[in-house]
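Asks: This structure is in structure tokens; I'll ask about it shortly.
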Amino acid sequence: SRALKPVAAVAAQNGAKNFSTSSQRNFKVVVAGASGGIGQPLALLIKQNPLVTRLALYDIAPVTPGVAVDLSHMDTPAAVTGHKGPEELSAAIKDADVVVIPAGVPRKPGMTRDDLFNTNASIVRDMAASIAKNAPKAIVAIITNPVNSMVPIASEVLKKAGVYDPNRVLGVTTLDVVRAATFIGEINGVDPRTVQIPVIGGHSGVTIIPLLSQSQPAVKLTDQGKIEALTKRIQEAGTEVVKAKAGGGSATLSMAHAGARLTGSVLRGLNGESNVIECAYVKSSLTEATYFANPLVLGKNGVEKNLGYGKLNAYEQGLLKAAIPELLKNIKTGEDFAKK
Ligand code: NAD
Ligand code: LMR
């Protein structure tokens, strides 16, 4: 390494790739709810993304400026700022390219995601109002539950402000995809990163529809009972974590991993990379449900193309049929709240 020029030596020492920066844009990412169980590890992972030059952390928790100082000592390009409380929200959101929202309360055992609606609805509404004012072109990625209702709320708020672009508002369902790939990897005895599996619908119970018939590689299960058990496990995986944490919250670390993956894909799309595909819950005309999750191509303006969901087998058609009324109900709850 003594023969390397100084810059290359530093890059090598830091484990950085030798990439060209000429075509690379600089992006500002905001994590709203940055001091929580998801927010802190999510911010840690996003700080490691070389496409991010500004990382703004927003939360109502007093520790937030400290979390920002802590992360700011990491030797990666993003400059980190901390913003605490509503009076500092505008500064956090100002000119953001991407706003990721994990702000809000999580489930305890015995609760459904819908039980979080009353507390979390106004949090997401206020975030969306600030985004409309301070970063109307930002891509908004909503982690806060219930996702099925929060995306319609944010969309209505942006619509009222006259800045709504359906291609820029995503409900984060990546954790469902991550879980499905993990469980299939275990069953097939392969590295889960090599598994491609669409999960469509929404992000709660029966609305989570893993399309196991489309898994690549094919799931090594021939028995329909086992396919159904795997489907149920993916649908109930969030509850599996809630029960295991026994009152200490819901998935945070796996969610941070999934949220960082989705954020990274959004940024790659914004940066002009082609063929960036992720599932997310977006405005949709594929089914009766006006919001729906399925594979999307992400590009320079958010969702570039909706890839639909392909061919479903009879079992999956039944799952879709069961999901639609629940999605319609969740969407209406969100829209009614936003209209109040
Ligand atoms: P947490 O309680 O650990 O953290 C939430 C954070 O939000 C806290 O730091 C809190 O101070 C902050 N907050 C609360 N009100 C705020 C406001 N008005 N403005 C800014 N910040 C505010 O909870 P968590 O485990 O990080 O979960 C957060 C949310 O993510 C929950 O609603 C949970 O259900 C959801 N979640 C979604 C998925 C998914 O797949 N989409 C997965 C896991 C969790
Ligand atoms: C999850 O799927 O883990 C999250 O939606 C959190 C929860 O409440 O299950």
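Asks: Pop the C-beta distance of ARG193 and VAL63 into the FRET formula with R0 = 30 Å and round what comes out to the nearest 0.05. Write down the numbers at each step before the final one.
Replies: Values: r = 33 Å, r/R0 = 1.11.
Using R0 = 30 Å, I get an efficiency of 0.35.
Asks: Give me the dipole magnitude in Debye, nearest 20, for the chain about the Cα centre, with unit charges on the beta carbon: positive for Lys and Arg, negative for Asp and Glu.
Replies: Roughly 440 debye, rounded to the nearest 20.
Asks: State the percentage of accessible surface on the chain attributable to carbon and sulfur atoms; use a 1.4 Å probe and exclude ligands, DNA and RNA. Mind dumping the intermediate values first?
Replies: Numbers: 8490 of 15580 Å².
So the carbon and sulfur contribution to the accessible surface is 55 percent.
Asks: Per residue of the chain, what 222 nm ellipticity follows from adding -39500 (n - 2.57) for every DSSP H run with n ≥ 4, rounded to the nearest 500?
Replies: So the helix-based figure for the chain works out to -13500 deg cm²/dmol.
Asks: Fully extended, how many nm does the chain gain between LYS108 and GLU236 (0.36 nm per residue separation, minus their Cα-Cα distance)?
Replies: 44.7 nm
Asks: Rank by packing, highest mean first: peptides 27-34, 88-95, with packing defined as the count of other Cβ atoms within 10 Å averaged across residues.
Replies: Highest mean packing first, the order is 27-34, 88-95.
Asks: Tell me the label-point distance for the pair LYS332, LYS159, using the 7 Å Cα-to-Cβ offset, in nm and rounded to one decimal.
Replies: 1.6
Asks: What trypsin sites (Lys or Arg not before Pro) in segment 173-226 are in a loop by DSSP, with at most 16 other Cβ atoms within 10 Å of the Cβ? Numbers along the way, then the final one.
Replies: Numbers: sites: ARG179, ARG193, LYS220, LYS226; in loops: LYS220.
Those that pass, being in a loop and sparsely packed, are LYS220.
Asks: Would you mind getting the Kirkwood hydrodynamic radius of the chain from its Cα pairs, rounded to one decimal in Å?
Replies: Mean inverse Cα-Cα distance, inverted, gives 20.5 Å.
Asks: Then there is this: State whether segment 184-288 is rounded, prolate or oblate according to the following rule on the C-alpha gyration tensor (a ≥ b ≥ c being the square roots of its eigenvalues): a/c under 1.5 gives rounded; otherwise a/b larger than b/c gives prolate, and the remaining case gives oblate.
Replies: It comes out rounded by the Cα gyration axes.
Asks: Now for a separate question. Per residue, how much accessible area does segment 184-340 show when a 1.4 Å probe rolls over the protein heavy atoms, in square angstrom?
Replies: Numbers: 7440 Å² over 157 residues.
Computed with neighbouring chains in place, this is 47 Å² per residue.
The values are calculated or read from the model by the stated rules, or taken from the named source; none is laboratory data. From a predicted model like this one, the values you see are computed outputs, not experimental measurements. For neighbour counting, all protein chains shown are included, and Cβ atoms are generated from backbone atoms with ideal geometry for every residue, glycine included. Accessible surface is based on the protein model in full, side chains and every heavy atom, while ligands, DNA and RNA are left aside. Shrake-Rupley method; radii C 1.70, N 1.55, O 1.52, S 1.80 Å.
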